[in-house]
Amino acid sequence: MRDGPKRESDMHVRILCSLLGVIVAAASGCGSNTTAVGTTDTSATGDAMPEPMPDGLAYAVAMDLDPAPDVVEVNLEAKVVNVDLGAGVVSMWTYNGVLPGPRIEAKVGDTVRVHFKNSLPEATTIHWHGLRVPNAMDGVVAAQSPVEPGAEFTYEFVVPDAGTFWYHPHMRSDEQVERGLYGAFVVRGPNELTVTAERTVVLDDIALANGQLAPFSEDDAMIGRQGAVLLANGRAEPMMSLAPGALLRLRLVNAANGRYFRLGIRGRPLNIIGSDAGYLPKVETVDDVLLVPGERVDVLVVASGVAGDVLELVNLPYERGHDTGGEAERKVLSVHLEGAPITTPAVPAPLGEVAQLPTAAVFRTLRLQEMEMAMGGGHGGHGGATGTMMTFMFNDKMPPEMERFTAAANSVEDWKLVNTTEMDHPFHIHGFRFQIASSNGVASQRRAWHDTINVPAKAEVVIKVQIDDRKGAWMFHCHILEHAERGMMGVLDVD
Ligand code: C2O
Ligand code: CU
């Protein structure tokens, strides 16, 4: 029901609109805004119900240029455009002129080919966050040359896992991602759930000053840059409507530099069905869920109630260190119940299978550290008023002297992540997925695939990493992008 074929034409209109952006928007009715579209179209959702309210969460899908059923071929162009965020028109760096960048849709086993063109004023790359791709396609500068302004690069890989992934640059990512370079990448498996409606929702926040992106500053370094405006699919407080009783699937992606989203809907539990990569074995019903930078979660919400009810997805306070917990609860998006009630489709159990990993052959310890470094007076912009600079590291090392682990192909390793700092860090590994073995010495009963997890302040988390035969140098780092850029980055060499 989710993405029935009858939506195809609709989808193509949307894609065209997003590709042509500024030029056609005003004339063709692609969107009500004067600039980037794709987040403002009015396409229908499921097949079953009318949806009179414009869908503020609608999200442009990248057009597949290859007719072969198992090949997805798309064009992505990084470029600067003005985007209407619903909180002002802001000059952003985008893929194809839309924020978020077009959603890439593929099936497990598909070959995905992305023709990338860099029309930005600086070099960039694209990293496919969470996708188990060959090392040469991973988008890090250890594996490819930067794509210079005006240059092109073609990424090509097979997508092996179902889940909600995303893509973003891996050069100066603290600035490039903040400027708007991110998009979702959905890979569907053969047995996807039947729901009334599904939305992929990419979350971000943005700091504005005089209506444009606030200048980047050393003050962003400690907790990662945060902004006062919360964005869901590039819009401040978007709305959508659903029939009472509808079953809504939300694929949530945290694309923010530093912000932790703790998400809940008052009076409606969240039913977690999937983690970063794929379904959980069974539904977990919670009041709220923490989503750290880089991470994804897949939830079902039963839109119980009557026409006229409004469900608000809110961001709840969360203390991740340095007095970050004081922020008030904030609305992220709302779902308005409209029309005749419908009956929710049943959720099957089990949802999926998550293999149990064998006992690890190798144990490693990775200490997450921070250090305030004194800067000699007047070092070009760094250091601010205090004359210090925050740096972050793993095991006392930071680039260029990064911690390097060498692993054997097709092995399982336990990594103990020891957070020595007074703040949480979202830890991410490229190329490989892992399960949580224990937290603070307590064994985890939960079976789920992750590529990004939170390591709370002063905590110890042991992860079990599944390494396959894709050789090369794979990055691991904190996904607070300012921390990664300031040293909390290492390399896993697989040979
Ligand atoms: Cu999304 Cu190296 O990260
Ligand atoms: Cu960090």
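Odds and ends about this structure:
- Length-normalised contact order for segment 198-346 - Cα pairs under 8 Å, 6+ apart - percent: 28
- Length gained on full extension, R330 to Q212: 40.3 nm, using 0.36 nm per residue less the C-alpha separation.
- Relative contact order, percent, the chain [alpha-carbon distance under 8 Å, six or more residues apart]: 13
- Reachable aspartates and glutamates from K464, criterion Cα separation under 12 angstrom, eight or more residues apart if same chain: E413, D414, D451
- Once both labels are positioned 7 Å from their Cα atoms along Cα-to-Cβ, the gap between T285 and A136 label points is 5.1 nm.
- Extreme residue, positive dipole direction of the chain, given options L492, M423, P350 (C-beta unit charges): P350
- Rounded to the nearest 0.05, the FRET efficiency derived from the C-beta distance between T154 and N410 at R0 = 22 Å is 0.15.
- Computing FRET efficiency as 1/(1 + (r/R0)^6) for M375 and A307, where r is the C-beta to C-beta distance and R0 is 56 Å, gives about 0.40.
- Segment 446-495 shape via C-alpha gyration tensor axes, a/c threshold 1.5: oblate
- Too-long pairs where the Cα-Cα distance tops 32 Å, listed order kept, from K117/K282; K107/K458; K79/K282; K107/K471; K282/K416; K282/K458: K117/K282; K107/K458; K79/K282
- Using a Förster distance of 51 Å, the FRET efficiency for S91-T365 (Cβ separation, nearest 0.05): 0.70
- Contact order relative to length of segment 202-255, as percent, for alpha carbon pairs under 8 angstrom and 6 or more apart: 48
- Total formal charge among the other residues, if their Cβ is under 13 angstrom from that of G245, Lys/Arg +1 and Asp/Glu -1: -1
- Note on the chain: dipole from Cβ charges, positive end direction compared against M239, M137, L311; the farthest Cα belongs to L311.
- Simple label model, 7 Å out from Cα along Cβ direction - K107 to A355, nm: 2.3
- Taking a ≥ b ≥ c as the square roots of the eigenvalues of the Cα gyration tensor, an a/c ratio of 1.5 or more together with a/b no larger than b/c marks segment 315-466 as oblate.
- Other residues lying with their Cβ under 10 Å from the Cβ of I453 contribute a combined charge of -3, Lys and Arg counting +1, Asp and Glu -1.
- Remark: the chain carries a charge dipole of roughly 580 debye about the Cα centre, counting +1 on each Lys and Arg Cβ and -1 on each Asp and Glu Cβ.
- Length available on full extension from T388 to K471: 0.36 nm per residue minus the Cα-Cα distance, which gives 26.0 nm.
- Check: segment 207-360 dipole with +1 on Lys, Arg Cβ and -1 on Asp, Glu Cβ, in debye: 340
- Shape call, the chain: gyration tensor on alpha carbons, a/c limit 1.5: rounded
- When +1 charges are put on Lys and Arg Cβ atoms and -1 charges on Asp and Glu Cβ atoms, the dipole computed for segment 83-135 relative to its Cα centre reaches about 220 debye.
Only the coordinates and a few stated rules stand behind these numbers; no lab work does. What you see is a predicted model, and the numbers here were worked out from it, not measured in a lab. As a convention, Cβ positions derive from the backbone with ideal geometry for all residues, glycine included, and neighbour counts pool all protein chains shown.
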